[in-house]
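Okay, structure first, notes after.
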Amino acid sequence: MQIINPATGAVIAELKEDSRQSLELMFTQLQQGQQQWASETLENRINALKQFSELLNENIEPLAAILTSEVGKPLQQSRNEINGARNRIKWLTENATKYLSDETMTTDTGLLEKISYEPLGVVCNISAWNYPYLVGVNVFVPALLAGNAVLYKSSEHATLTGLEIEKLLKQAGVPDNVFQVGVGAKEVGAALLEIPFNGYFFTGSYNTGKFIYEKVANKMVPVGLELGGKDPLYVADDVSDVAAVAAATADGAFYNNGQSCCSVERIYVHENVYEKYLDAFVKEVQSWKQGSPTEDGVYLAALTRKEQLAVLENQVADAKAKGANIALGGNKKEGKGNFFEPTVITNVTNQMLVMREESFGPIIGIAKVKNDEEAISLMNDTEYGLTASVYSSSESRAKNILSKTNSGTAYWNCCDRVSAALPWSGRKHSGFGSTLSHVGLRAFTKPKAYHLKA
Ligand code: NAD
């Protein structure tokens, strides 16, 4: 398998893909290692993950350089990602004892009634490339803390990072037969579905998630699916500083070149502030530097996957054909690397692909709405349900709108953010199950109810 730098097109590594046999061997080894790992004290497992976080910090520069070389994001955004992963590890390790230890529920019945949180066993994590540290940590950290062994199938676009993660986990004290990386693309992912894992945790697109869910259904094991989104954002007419809102929401749409599951993907703006907002939004986008991910000050660099360029071109063409205006950009950049101009499309409707299908690129549709009711109706007009955001000076107005939107996460005066203390979960085509928070810590356990009579 060739690893290609998306910013230059150069081959930066060649790796041997795993085979069905090598994956089965890993699985057998993980089965052996898991029991020993689960019998360690929780404190020892917590210490190993804390040490892993320390190693991420000590090696942040080379790790960020590797990440940037294979996914194309600006170096500073790679550093931000690693620091973000460390914040999540901090929360998970600091809260593991509280949420993974046995819980006594009552003695009022004359019995001791308690819950113990047992590990699932050997879990399979098929992962994405857009934030390999963040989405990886969401799964393998709580899974390891809870006493599971993990086979982590890194994305074919973030394999070098997956191998670095494996190296550092081992240096931190996680045994060889407790964490293994599967190298390869789709076929390797599909081969894992044939192996009897005790749980499947997937981060990626709706289509692959649906395929995996159907394929493993007959195993009767827990499945978690963190899938895509078409996340809406509404700007009400009572925002106090339209230009500041435009700048913040433009970042929510374009950070990491729009390749975030919770990127703002659709914007609805109240007609009273629409012109002012659009003007400030376009100015903000024009102020960003686009270029090589290793150049200082670059905000928009290369897209990770070459194929996405055609998806974006198609969304632009479809929008134009249906009457939209291109306020900015609209084209891929000629030359080496996967570069697309930051693109702002107006006069859009929910019938256009750019407002229906995940763009996962530096492109946004902005629509004008008459009132909150129209905004709610358009926001909910989607097959996805990951996040929804409202900007308004009124808390009650925002909360009222957010209570009517069907998404796992709701934002008031913020967007495109994840907190380790809150459950991260999708609805509808955005998936199900949760990572992060106490819900995500326990997602890799099976509760056992003890009724103990002395
Ligand atoms: P993808 O579905 O193409 O691939 C994800 C993983 O699945 C990769 O490791 C890939 O090799 C593997 N895979 C592909 N086909 C497979 C098959 N038939 N059987 C088994 N495994 C298979 O997704 P991607 O391009 O890596 O990631 C982008 C998507 O992930 C976007 O839709 C994004 O919104 C979503 N995402 C969601 C979250 C979230 O938390 N909800 C986070 C990050 C990314």
Revision key, fill the gap. Considering residues that are away from the ligand (no atom under 11 Å from the Cβ) and over 22 Å from LYS90 (Cα atoms), the number found within region 401-426 is 13
Check your understanding: Is there any pair linking a residue in region 168-186 that is closer than 17 Å to LEU25 by Cβ to one that is within 15 Å of the ligand (Cβ to nearest atom) and small (Gly, Ala, Ser), with Cβ under 7 Å and at least six apart or on different chains, and which?
Key -> VAL181/SER154; VAL181/GLY162
Review point. If you take the residues of region 20-37 that are touching a residue at least 40 places away in the same chain (Cβ under 8 Å) and surrounded by fewer than 17 Cβ atoms within 10 Å (Cβ to Cβ), which of them is farthest from SER101 (Cα to Cα)?
Key: ARG20
Check your understanding: Any residue at all in region 442-454 that is modelled with pLDDT under 95 and farther than 27 Å from VAL123 by Cα?
Key -> yes
Review point. How many residues does region 128-142 contain that are of a type in the set (Ser, Thr, Tyr) and closer than 16 Å to GLN51 by Cα?
Key: 1
Point to revise | Residue under evaluation LEU436, criteria (1) within 13 Å of the ligand (Cβ to nearest atom); (2) hydrophobic (A, V, I, L, M, F, W, C); (3) closer than 30 Å to ASP238 by Cα, criterion not met | key: (3)
Revision key, fill the gap. Subset of region 28-77, residues closer than 15 Å to PRO119 by Cα and of a type in the set (S, T, N, Q), comes to GLN31, GLN32, GLN34, GLN35, GLN36, SER39, THR41
Study note, to complete from the structure: Of the listed residues (TYR213, TYR200, TYR131), the one being closer than 19 Å to ARG88 by Cβ and either touching a residue at least 12 places away in the same chain (Cβ under 8 Å) or more than 12 Å from the ligand (Cβ to nearest atom) (or both) is TYR131
Revision key, fill the gap. Residue count, region 404-438, condition closer than 22 Å to ASN207 by Cα and either without any contact (Cβ under 8 Å) to a residue 12 or more places away in the chain or assigned to a loop (DSSP other than H, G, I, E, B) (or both), comes to 7
Exercise for review: All but one of (1) buried (at least 24 other Cβ atoms within 10 Å of the Cβ); (2) more than 9 Å from the ligand (Cβ to nearest atom); (3) not small (Gly, Ala, Ser) hold for GLU164, so report the exception by its number.
Suggested key: (1)
Practice item. Only one of these is among the polar types (S, T, N, Q), over 24 Å from the mean Cα position of the chain (by Cα) and assigned to a helix (DSSP H, G or I): GLN77, GLN36, GLN51. Name it. Key: GLN36
**Study point:** Qualifying residues in region 299-310 (those that are of a type outside the set (Ser, Thr, Tyr) and crowded, with 19+ Cβ neighbours inside 10 Å) - the one farthest from PRO74 (Cα to Cα)
**Key:** GLN308
Study note, to complete from the structure: Requiring at least 2 residues that are touching a Gly at 6+ places or on another chain (Cβ under 7 Å) and more than 18 Å from ASP372 (Cα to Cα), the strands (runs of 3 or more DSSP E) wholly within region 217-275 are 223-226
Review point. What about GLY229, is it touching a Cys at 6+ places or on another chain (Cβ under 8 Å), touching a residue at least 40 places away in the same chain (Cβ under 8 Å) and on the phi < 0 side of the Ramachandran plot?
Key: yes
Practice item. Mind checking which helices (runs of 4 or more DSSP H) fall wholly inside region 299-403 and carry at least 1 residues that are farther than 16 Å from HIS270 by Cα? Key: 307-321, 395-403
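The values are calculated or read from the model by the stated rules, or taken from the named source; none is laboratory data. Just so it is clear, the model here is predicted, and its values are computed rather than measured. Methodologically, a virtual Cβ is constructed for each residue, glycine included, from the backbone with ideal geometry; neighbour enumeration extends over all protein chains shown.
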